[in-house]
Amino acid sequence: MKRNKGKKALLLSLILMMTIALMSACVNNNDGQVNNSVGSEPPAKSNEVKELSLFIDASWYPVKEWTGAVAEKITEKTGIKLKVTVATDDKQLPLMIASGDLPDLVFTNANIERMSDSKLSYPWNELIKKYAPDFKIDPIRIAIHTMDDGNFYTVRNSFATQEEMAQNKYSVGSDGSPGIAVREDILQKLGNPSIDTIDDFMKVLGMVKEKYPDMIPLIMDKDWIEQYFLTQFGVEGLLDGWYERDGKVDYAIRKPEMLDFFKFMNRLYREGDILAENFAYTNDQIDDQYATSGKAFAHMHTVSIADSDNIKVKKAGGSYTFQMLPSSISKDAKSVSSGLGFAGTFITKKNKDPEASIKFLQYLASDEGKKLTMFGVEGEHWTWNDEGHPNLKYDPSDADFVNRNGIKWWYLYNDGVTEGMLSYVPGAQKTKALMERKAFTVYKPELGLIQLQPDSDEKTIKTKIDEMIKNEKVKIYLAKSEEEAVANYESMVKNAKKIGLDRLVDWANQTYQKKKNLFKK
């Protein structure tokens, strides 16, 4: 009997120990370290929220805290919240890199090549293989982000191929497209003259000067001075970009149509249509203030500028409205999208939880995550239309509402197709302008693959050339005559050659020939 009692006591003791061990394992398992799969319930059930630090390398970023409906829903779905720091200037991240003082996550556009370094960041491919093997990224996005070491360290948002855009008719593009808005009431008083060509626009500006001498004919956002008119002259890209002809690339300032663009901009200045001081603005709100206070006739910024100006004017008690010019007022209008996307998120080597971080990004990359980030909370902010686009319950041009709710701005992973649908609002001027632009846009992302390594000789040459162009272009714009403008343009191109433009172009062509095959089927 005593022996049986001893056996029973021992058995009960073992059962108790096993139960305690199992309970302990369950507690540890719910810590989010093991079963923190994307979109799964454990983080929400345990009510444990992990905080990761995020540095946003964009001083202009409108959302500076992890607040609002979208952020709250992302935390609910992933168990992750972010402690956000927005850059004070463009030198902050390079200094952080140099000192080794990096946060868990970095979101950047300007320093993608620099952050794509195994000394600074975890390769996504390694983290996916180890922690998120079901995180699938399409081969083109992997190919264009893979560095010379065979790893990819991020995937930019806002990227889409021409095929993806063509297959989604309601994806009309992003706000990052140029546009000009003009005062409707003044147009009516001028007799509603048509503006179908560049000459038409110049004539209207002349009429404004005559009838409203105290009004600025055209005010320009400091970051959107060139883009609209470059498009009209068929220049294709930006001053510091590449263009392709017959399989070879060259720098944009040498494109034949570039001189016509510069002569036109100089004419705008000489005829009094734009202000000299507009080229020296350091604040991107000055042009908004001119437009929404009634001091400017035309406002050049992005395709959303009429919608956003109208909201601001109405809130201020104004009675006038703006309307967008057509996206094309020239038979030569051309848009080439060479971008590989906008910005990417890096998981730094200082990251305290790489597993949670890659799974967080996996959720944002899911269909649910992309729609939540870009459109807002389903049911509250939008419902899905069976035709294939969201029915928004708000105006996406209402910056105050969008920013307050955190809509769009947590696109640490997204794509150009989803972002392009945010702009599809039937009847909105922005939507019409983007649909017009989509019709004459050609996609050449292979041009975007001409990427310079941070500390290379080519990077040094390009940096010097771009800095020179930044200074010299203003001399062209503000020349006292067309002859002087032409001479200043020719001097700029000669200076670029002295710095090493031909060497840079030779390198670019070698790179282009190697990389363009990534897009062959």
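Just one of (1) over 20 Å from the mean Cα position of the chain (by Cα); (2) open to solvent by 40 Å² or more (accessible area, probe 1.4 Å); (3) not polar (S, T, N, Q) fails for Phe135. It is (2). Applying the criterion of being of a type in the set (A, V, I, L, M, F, W, C) and buried (at least 18 other Cβ atoms within 10 Å of the Cβ) to the residues of region 470-486, the residue that is nearest to Lys169 (Cα to Cα) is Ile476. You will find that of Leu452, Leu447, Leu434, the residue that is closer than 19 Å to Arg156 by Cα and crowded, with 19+ Cβ neighbours inside 10 Å is Leu447 and no other. Apart from one condition, Trp60 fits all of (1) outside any loop (DSSP other than H, G, I, E, B); (2) among the hydrophobic types (A, V, I, L, M, F, W, C); (3) open to solvent by 40 Å² or more (accessible area, probe 1.4 Å); the exception is (1).
Only one of the numbered conditions (1) touching a residue at least 24 places away in the same chain (Cβ under 8 Å); (2) of a type in the set (A, V, I, L, M, F, W, C); (3) more than 24 Å from Ala439 (Cβ to Cβ) is violated by Val235, and that is (3).
Scanning region 85-99 for residues that are more than 14 Å from Trp60 (Cα to Cα) and either surrounded by 14 or more Cβ atoms within 10 Å (Cβ to Cβ) or at pLDDT below 95 (or both) gives Leu93, Pro94, Met96, Ile97. Determine whether Asn509 is in a helix (DSSP H, G or I), among the polar types (S, T, N, Q) and over 24 Å from Thr460 (Cβ atoms). For Asn509, the condition - in a helix (DSSP H, G or I), among the polar types (S, T, N, Q) and over 24 Å from Thr460 (Cβ atoms) - is not met. With respect to Gly176, determine if the residue is over 30 Å from Val208 (Cα atoms), out of contact with any Gly (no Cβ under 7 Å at 6 or more places or on another chain) and open to solvent by 10 Å² or more (accessible area, probe 1.4 Å). No, not satisfied. Residue count for region 495-521, restricted to those that are modelled with pLDDT under 95 and out of contact with any strand residue (DSSP E or B) (no Cβ under 8 Å at 6 or more places or on another chain): 11. The set of residues in region 28-57 that are in contact with a strand residue (DSSP E or B) (Cβ under 7 Å, 6 or more places away or on another chain) and either modelled with pLDDT under 95 or surrounded by fewer than 15 Cβ atoms within 10 Å (Cβ to Cβ) (or both) comprises Gly32, Val49, Glu51. The residues in region 488-504 that are surrounded by fewer than 16 Cβ atoms within 10 Å (Cβ to Cβ) and under 27 Å from Asp148 (Cβ atoms) can be counted, and the count is 2.
Asp386 satisfies every condition listed in (1) free of Cβ contacts under 8 Å to residues at least 60 places away in the same chain; (2) closer than 25 Å to Gly179 by Cβ; (3) of a type in the set (Asp, Glu) except (2).
Could you go through region 181-191 and let me know if any residue there is open to solvent by 40 Å² or more (accessible area, probe 1.4 Å), in a loop (DSSP other than H, G, I, E, B), closer than 30 Å to Tyr320 by Cα and of a type outside the set (Val, Ile, Thr). Yes, there is a match, as at least one residue in region 181-191 is open to solvent by 40 Å² or more (accessible area, probe 1.4 Å), in a loop (DSSP other than H, G, I, E, B), closer than 30 Å to Tyr320 by Cα and of a type outside the set (Val, Ile, Thr).
Per-residue answers, yes or no, for (1) at negative phi; (2) of a type in the set (D, E, K, R); (3) touching a Phe, Trp or Tyr at 6+ places or on another chain (Cβ under 8 Å):
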site	(1), (2), (3)
Ile112	yes, no, no
Ile128	yes, no, yes
Pro133	yes, no, no
Thr146	yes, no, yes
Gly150	no, no, no
Tyr153	yes, no, yes
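Restricting attention to region 369-421, which residues are β-branched (Val, Ile, Thr) and crowded, with 16+ Cβ neighbours inside 10 Å?
Listed by number, the residues that qualify are Thr373, Val377, Val402, Ile407, Val417, Thr418.
Would region 455-469 turn up any residue that is open to solvent by less than 20 Å² (accessible area, probe 1.4 Å) and closer than 30 Å to Glu387 by Cα? There is no residue in region 455-469 that is open to solvent by less than 20 Å² (accessible area, probe 1.4 Å) and closer than 30 Å to Glu387 by Cα.
Pairs linking a residue in region 497-521 that is within 23 Å of Leu340 (Cβ to Cβ) to a residue that is surrounded by fewer than 16 Cβ atoms within 10 Å (Cβ to Cβ) and modelled with pLDDT under 90, with Cβ atoms under 6 Å and 6 or more positions apart or on different chains, are Leu518/Ala143. For the condition among the charged types (D, E, K, R), more than 24 Å from Gln167 (Cβ to Cβ) and surrounded by fewer than 14 Cβ atoms within 10 Å (Cβ to Cβ), Lys352 qualifies. I need a count of the residues in region 63-77 that are under 14 Å from Lys359 (Cα atoms) and open to solvent by less than 10 Å² (accessible area, probe 1.4 Å). So the count comes out to 1. Of all the residues in region 428-472, those that are of a type outside the set (Ser, Thr, Tyr), within 30 Å of Asp117 (Cβ to Cβ) and within 19 Å of the chain's Cα centre (by Cα) number 8.
Can you list the strands (runs of 3 or more DSSP E) lying wholly within region 193-275 that have 2 or more residues being aromatic (Phe, Trp, Tyr) and touching a Phe, Trp or Tyr at 6+ places or on another chain (Cβ under 9 Å)?
So the answer is 242-245.
Counting only helices (runs of 4 or more DSSP H) that sit completely within region 405-460, those holding 1 or more residues that are within 15 Å of Ser327 (Cα to Cα) and not small (Gly, Ala, Ser) correspond to 429-439.
The values are calculated or read from the model by the stated rules, or taken from the named source; none is laboratory data. Values in this document were obtained by computation on a predicted structure and should not be read as measured data. Cβ atoms come from the backbone with ideal geometry, glycine included; neighbour counts cover every protein chain shown. The protein model used for the area step is the full one, side chains on, heavy atoms only, and it has no ligands, DNA or RNA in it. Shrake-Rupley method; radii C 1.70, N 1.55, O 1.52, S 1.80 Å.
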